[in-house]
Structures are given as structure tokens and as C-alpha cells.
Amino acid sequence: MGAIVRITSVAPLLSSSLLLLSCGTAPVDADTDAATSSSAASTDVPTTTAAPTTTTTATTASESTTGADVPVWPDACAEPIAALARSSGRLSVDEAGRLRDEHGRDILLRGVNTGGRSKYAPFVPFPIDPEVDLAGFTAAADEFYARLPAWGVDVVRMPFSWEALEPTEGTYDERYLDRYAAMIDVAWSHGIAVIVDFHQDIYASPFCGDGFPPWTLPGDPGPAHHDCDNWGYKYLTDPDVRGAFDRFWADENGIQAKFFAMWDAMIDRVGDHPGVLGLEILNEPGWGTAPDIGEWKQTTLLPFWNAAIARMRDRAGDDLLILFDDTGIDALSFEPVVHLRPGGDNLMHAPHMYDGGLINGMAWAGSEPMPILAEIAAFSAENGVAVLLGEFGYGGESPSGGPAWLTRTYDSLDALRLNSTQWELSQNAEPWNFEDLSMITADGEERPVVDVFVRPRLRALAGADATFAWQDGRLTAGWTGDGGISEVVIPARLFPDGPTDLSLRTVSGPDGACLTHDRERGEIRVMVPDGAAVELTLE
């Protein structure tokens, strides 16, 4: 457990925040560093002593790639490895905090949040006529989500709004539910699993926030709006925001029962969808007027997580992941973060991480991802919970140091085998609270950040002792096989014609390792005999 965060006065924290935003600078040659940084590190699985290296190459007897006009690689399997079927997007969490698929493989997910535009009416991440019928809506959703497989995306964190779902107390908006379910249908049709995320920021839209419906507030809170600079400070300074969270944690007027009833309605509508991977209880919970965040987590938030998990498990069953967050201020790592584990199985910790400068479209303030992520990975392994780095990213076209920071983040995520969803992907003609964090423009065109985001990875590991490096357009991965099929994602956006060079060698153990390049799916499938250590390289 980390040190307790003690907020005894708002002023010192605000002063340190402003100092970080205004004075922090990225390391020298930060943007150049993005192009040269590598991720060569072993996972936290125990390693074994390597035997002397010998090169062994699989025999090629026939074509072992899929798609037209593709080369026959010297290490291709005699019979192509078929894509492994999956009955759903469901995954389970093992005792070491690793995600496992139905084939028993260690799975590494990469994805996006969909995103800022979903926070206000009509509460979807792409432009639509508010009165469009469901068929027209589904067609627009397909256009939006269709770009993601070529980026290597296999998961989206899909925010939903309680305000949109239950605009009037006791009455659920069936059209909103139909549209949300349609987005899950479309995402899953593209092979993308969905995390159903109840999303809130500073409680509700009358406070320049989103999430909770205004009817949960006393009196007339005023109209909805999203035109506030530095809205996050309201967690610290706005008495209305802080008071709203105090009332929620005190369960005034039975608000928590209404919250759980809202979740019941969402679970009943989408919980049995094969494309749903998990349910995220509450984005970035606010601590109200509690003077000590660490103590508040232990005395208030943890019991709430336990109650929520029990209620949601009773409604949804045991096979969906349930995700729990840290506070928004924890994402900036101004102070050591207290990580607590709720009770239950198949849980996923979903912290966030931002650089204080980049989140505001300014220069990299110098925060280093690896120490933060290594601490989260250690918490995961010690407590048997999976990890999703649920939010991270930067604003603007390409702020100074942004590509370097993001590259280091992905290098660290790959090395630690931590799952992630980058913030964010939506088409924002009217930005929420002036935020400029989307990976695409209002017209749907890619922004430069996509060049950093799209990269290969070892998605499915059938074995242990994995290493991975992606540097200067060259991938090097190694692992010890268990006789199963591993998968390396090579996104079509980055490799439209497949790799120009691809090799697989046996470093130690039995021969017989071989591969299949599937250009259509953007992946390389590799069979490694049990106990064989291999190295895969491609360019």
C-alpha cells in the first residue's frame, strides 16, 4: 500500500500543480527520443536460465500466409495455422493478475476511449442528427468504428451517461439504450470488445461536468453547460461539486440504491452481449470534502466498491470483468497513490495517468511513465487483479515532448504487459470544456498522435518469459512456448503490405516452431513447442 495522501490545505496543492504546468520541461531532445526509444524488458513472469543459443529453422512445405500475393516466409508452417476462434470477448483474470482467454493464453489489450463527445447530448462519439433512426445511427457507428481494426485496436472503453440513460427519475431512455447497444454490436462486428464505462467528471452537467443526472441534486442546479477552463480544479475548490459527492457517499435520499438500479438497467440491456468484456463501476470518483484521500479510500470508497461488485455480480454473473478506478487527481501522481483491492474475483484495476503539461496542450512536464506503471504492475501481481491503464494521452496536434512521452508509455506498457485504452477518440466540433485530446479531427481525419499509437504487440502469449522491443521500425520478441499458438499484431495501417522481413529462430529447446502471416487479420500466428525458447523479428 502506498503512503496516505493528506490534503490539509487546497492552496499548496494548487500551487504545486500550477508550478508543474508552467515550469515543467521535457528532457532534452524529447521528440527525437520518441523515434529511438525501445521496450526491451521481460514480463513479471519468473525467468529461467537460458540454454546455449542454437539456431533452428522450421521446414517450409507449402504456402503459410493468408491473403493474395503474399510471400512465403522461410519459417512458415507446412500447414497454415488457422485463426483461433473465440466464442465471445470474455477474458478471465489469473492469480498473477494476467488476462487469460478461453485458450489459456496471456492476453494484452490495446484500445481507445470513445470519448469526449459522449459526455453531452446526444451522448455519442460521432456527429448524428439527434432524431436519426436506429438504422441510420448504426450506419454512422459502423463508419466510426471501422477504422480501428487497422490500428490494431481490440478493445474500447465506451463511456455512458446516467444523465442520458435516466433523464427523469425512474424513466429510462430506451432510444439511448438502443443506440448504446448498437455501438456494442458494431464494435464487436469488427472484433473489438467493449468495456461499459459509467463515466462522470465533476459529478453533473450543471457544474460543467457530466455523468450523474441533475435530478440527483437538491433544488434547481441550473442549466447544463461545458464551457469551463481547468474544470478539474472543481474537485478541490467548488463547494457544489464537493457537496454533491458528500451526499452520494452519505447515501442521502437513497441515491446509491438509485445508482445500482441504473446499473441494473444497463446490465439487463447489454450484460449478456458477447462483445462486452467488462463493467466499470464509476469513473474517477470524487472524494467530496474528505480531508485525507487515502483514509477516504479505506473508509468510504473501498466499502462502496465491495457493495457495488456484489450487486453487479448478482445481476451480471461471474464471467464479466468488473473495473474499479482511482480518483482523477491520482492520475497526475502529485503524491504517492493508495491502491486498494476490493473483494472478489475477475477484477480489473483501471487507474489513469497524465502528464501535467501535456494534458493541457503544453510541453511535456517531465513525468516518467515507467516508475508509475511498474508500481501499478506490482500491485496487480501481488493482489491478483488485472490492470487497464484506462486513460492517458495528450492534447494539441503534437505538443513538445508529447510523442516521446507517449512512446515511453507504450514501451513501458509492452514491457510490463499492461492493458490500455488511450484517451480519446471522438469527433468534437464543439469540444467539451475546451479539451483538445481526440486522436481524430471533427471531420474524422487522423491527427499525428495516431502515428505513435499504432504499433505492433505480442497480443496473445502461449507460454512465458516474454520480451518485446519495437524500435526504429523493427520488432524483436521472445518467449518460451507451451505448445500453443501465440499472436503478434502487426496493424494494417503500419504494415499495409505486410512486413518486408520476417524470421523466427529457436534459441533453445525442441525444434519445430513455425509461423503463419495473416495479412487480412493483421497478425502473425506462431506455434512454439512446449519448452522451446524462440525469437521473432520483423521489419
Task: The lone exception for Glu435 - which of (1) surrounded by fewer than 17 Cβ atoms within 10 Å (Cβ to Cβ); (2) closer than 24 Å to Phe392 by Cα it fails - done: (1)
Open item on the list: Given the criteria crowded, with 22+ Cβ neighbours inside 10 Å, part of a loop (DSSP other than H, G, I, E, B) and without any contact (Cβ under 8 Å) to a residue 60 or more places away in the chain, does Trp305 qualify?
Closed with: no
TODO: Go through the range 507-524 and give me each residue that's over 19 Å from Asp106 (Cα atoms) and out of contact with any Gly (no Cβ under 8 Å at 6 or more places or on another chain).
DONE: Ser508, Asp511, Gly512, Cys514, Thr516, Arg521
TODO: Residue by residue through the range 154-178, note down the ones that are surrounded by fewer than 22 Cβ atoms within 10 Å (Cβ to Cβ) and free of Cβ contacts under 8 Å to residues at least 60 places away in the same chain.
DONE: Pro167, Thr168, Gly170, Thr171, Asp173, Glu174, Arg175, Tyr176, Asp178
TODO: Please enumerate the residues belonging to the range 116-132 that are surrounded by fewer than 17 Cβ atoms within 10 Å (Cβ to Cβ) and closer than 15 Å to Asp185 by Cβ.
DONE: none
Open item on the list: Going residue by residue through the range 230-238, is there one that turns out to be on the phi > 0 side of the Ramachandran plot, assigned by TED's automatic domain parsing to the domain that holds Trp423 and over 26 Å from the mean Cα position of the chain (by Cα)?
Closed with: no
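How about the range 446-463: which of its residues are buried (at least 18 other Cβ atoms within 10 Å of the Cβ), of a type in the set (A, V, I, L, M) and farther than 19 Å from Leu99 by Cβ? First the steps, then the outcome.
Pass one, the range 446-463, residues buried (at least 18 other Cβ atoms within 10 Å of the Cβ): 449, 452-463.
After this cut, where a residue has to be of a type in the set (A, V, I, L, M) as well, the list is 449, 452, 454, 458, 460-462.
Result: Val449, Val452, Val454.
Yes/no matrix, rows are residues, columns are (1) outside any helix (DSSP H, G or I); (2) in the same structural domain as Gly498 (by TED's automatic domain parsing); (3) farther than 30 Å from Leu301 by Cβ:
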| site | (1), (2), (3) |
| --- | --- |
| Gly343 | yes, no, no |
| Trp364 | yes, no, yes |
| Leu406 | no, no, no |
| Glu430 | yes, no, yes |
TODO: Output the number of residues of the range 267-298 satisfying the condition of being at positive phi, without any contact (Cβ under 8 Å) to a residue 60 or more places away in the chain and acidic (Asp, Glu).
DONE: 0
Open item on the list: So, in the range 464-476, how many residues would count as being touching a Phe, Trp or Tyr at 6+ places or on another chain (Cβ under 6 Å) and either surrounded by fewer than 15 Cβ atoms within 10 Å (Cβ to Cβ) or part of a loop (DSSP other than H, G, I, E, B) (or both)?
Closed with: 0
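A quick yes/no check of all residues on (1) crowded, with 23+ Cβ neighbours inside 10 Å; (2) not in a helix (DSSP H, G or I):
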position	(1), (2)
Leu340	no, yes
Pro371	no, no
Ala377	no, no
Glu382	no, no
Asp414	yes, no
TODO: Can you work out which of the residues in the range 497-514 that are in a strand (DSSP E or B) and not β-branched (Val, Ile, Thr) is surrounded by the most Cβ atoms within 10 Å (Cβ to Cβ)?
DONE: Cys514
Task: Condition check for Thr114: at pLDDT below 95, among the β-branched types (Val, Ile, Thr) and in contact with a strand residue (DSSP E or B) (Cβ under 8 Å, 6 or more places away or on another chain) - done: no
Open item on the list: Among the residues in the range 413-426, are any in contact with a helix residue (DSSP H, G or I) (Cβ under 6 Å, 6 or more places away or on another chain) and small (Gly, Ala, Ser)?
Closed with: yes
Task: Sole residue being assigned to a loop (DSSP other than H, G, I, E, B), closer than 24 Å to Pro80 by Cβ, hydrophobic (A, V, I, L, M, F, W, C) and modelled with pLDDT of 95 or more, chosen from Leu494, Leu425 - done: Leu494
Open item on the list: Condition first: within 18 Å of the chain's Cα centre (by Cα) and at pLDDT 95 or above. Can you find one or more residues in the range 172-186 that meet it?
Closed with: yes
Task: Top-ranked residue of the range 312-336 - restricted to ones that are at pLDDT 95 or above and part of a loop (DSSP other than H, G, I, E, B), ranked as surrounded by the fewest Cβ atoms within 10 Å (Cβ to Cβ) - done: Asp318
Open item on the list: Quick test for you: out of Pro122, Pro127, pick the one residue that is out of contact with any strand residue (DSSP E or B) (no Cβ under 9 Å at 6 or more places or on another chain), assigned to a loop (DSSP other than H, G, I, E, B) and closer than 20 Å to Val194 by Cβ.
Closed with: Pro122
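Residue by residue, here is whether (1) under 23 Å from Asp238 (Cβ atoms); (2) in contact with a strand residue (DSSP E or B) (Cβ under 9 Å, 6 or more places away or on another chain); (3) acidic (Asp, Glu) holds:
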residue	(1), (2), (3)
Val276	no, yes, no
Pro291	yes, yes, no
Ile309	no, yes, no
Met312	no, yes, no
Gly357	no, no, no
- [ ] Evaluate the range 241-256: report whether one residue or more is part of a helix (DSSP H, G or I) and under 23 Å from the mean Cα position of the chain (by Cα).
- [x] no
TODO: Please state which of the following conditions Pro399 fails to meet, knowing it meets all the rest: (1) part of a loop (DSSP other than H, G, I, E, B); (2) surrounded by fewer than 19 Cβ atoms within 10 Å (Cβ to Cβ); (3) in contact with a Gly (Cβ under 9 Å, 6 or more places away or on another chain).
DONE: (2)
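The values are calculated or read from the model by the stated rules, or taken from the named source; none is laboratory data. Keep in mind that this is a model prediction, so the values were computed, not measured. No Cβ is skipped: glycine too gets one built from the backbone with ideal geometry, and neighbour counts run over all protein chains shown.
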